[in-house]
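Remarks on the structure that follows.
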Amino acid sequence: MADIARLSLPQAARLLAATDPAAARGFLGLDPVTQNGALLVKEMTLRQISVHQVGDALYGHAPNPHQPRQAFVAATEADPTALRAFLGYLAAYRRHTSYVALLPEGSPVTAGFEAGGFVRSGTLPDHAYRSGRYGDVAVYYAARED
């Protein structure tokens, strides 16, 4: 298992832009295909997004402003082991007890979240505008095991 390294926001924006668009689009509500680096950094700052690198994959989290112990999480690869390690990091260092992932339908990382302990809890119909049309977003939920 590779170390979890926190990235600066400009670094994170560059790496997100260089990532496969299928995995990067929708990363915590960001779209590195249509948003430039400066806008990505501004959005990450406003949403208090933190991006970490585990091997070649990017993992991110943002606190839920309505539920301080909950984090929105995202990943660019479908590795359940790395995802569990990242959630352990969030539990230990950020004190998060539950996690929500919003994944566009057909996202290549969905299998990793399902294998990582997330349960699909709903669908937001026509929630995300991508490539000239609106698409559904699946809502996944996980809670820390005590």
Discussion item. Please determine whether any residue of segment 119-132 is out of contact with any Lys or Arg (no Cβ under 7 Å at 6 or more places or on another chain) and under 20 Å from Leu7 (Cβ atoms).
Written reply: no
Discussion item. I'm checking my understanding of the structure. Among residues of segment 17-33 that are out of contact with any Leu (no Cβ under 7 Å at 6 or more places or on another chain), hydrophobic (A, V, I, L, M, F, W, C) and in contact (Cβ under 8 Å) with a residue 12 or more places away in the chain, which one is most open to solvent (accessible area, probe 1.4 Å)?
Written reply: Val33
Item to complete: Exactly one condition in (1) more than 30 Å from Gly132 (Cα to Cα); (2) open to solvent by 80 Å² or more (accessible area, probe 1.4 Å); (3) assigned to a helix (DSSP H, G or I) is not met by Arg14; state its number.
Response: (1)
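Could you list, in sequence order, the residues of segment 58-90 that are among the small types (Gly, Ala, Ser) and at pLDDT below 95?
Initial filter on segment 58-90 (among the small types (Gly, Ala, Ser)): 60, 62, 71, 74-75, 78, 82, 85, 88.
Selection gives Ala78, Ala82, Ala85, Gly88.
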Fill in: In segment 78-117, the residues that are within 15 Å of the chain's Cα centre (by Cα), among the aliphatic types (A, V, I, L, M) and more than 20 Å from Gly29 (Cα to Cα)
Ala82, Ala85
Worksheet item: Which residue pairs have Cβ atoms closer than 6 Å, lie 6 or more positions apart in sequence or on different chains, and pair a first residue in segment 118-144 that is farther than 17 Å from Arg25 by Cβ with a second residue that is part of a strand (DSSP E or B) and of a type in the set (Asp, Glu)?
Response: Thr123/Asp136; Pro125/Asp136
Worksheet item: Would you pick out the residues in segment 128-141 that are open to solvent by less than 90 Å² (accessible area, probe 1.4 Å) and farther than 19 Å from Ala23 by Cβ?
Response: Gly132
Practice prompt. Identify all residues within segment 117-127 that are more than 30 Å from Tyr93 (Cβ to Cβ) and either touching a helix residue (DSSP H, G or I) at 6+ places or on another chain (Cβ under 8 Å) or open to solvent by less than 60 Å² (accessible area, probe 1.4 Å) (or both); write none if there are none.
Written response: none
Worksheet item: So, in segment 38-56, of the ones that are among the small types (Gly, Ala, Ser) and modelled with pLDDT of 95 or more, which residue ends up farthest from Asp79 (Cα to Cα)?
Response: Ala38
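The values are calculated or read from the model by the stated rules, or taken from the named source; none is laboratory data. Computed from a predicted model, the values in this text were never measured in an experiment. Cβ sites come from the backbone with ideal geometry, for glycine too, and all protein chains shown count toward neighbours. Remember, those area values only see protein heavy atoms, side chains included, never the ligands or the DNA or RNA. Shrake-Rupley method; radii C 1.70, N 1.55, O 1.52, S 1.80 Å.
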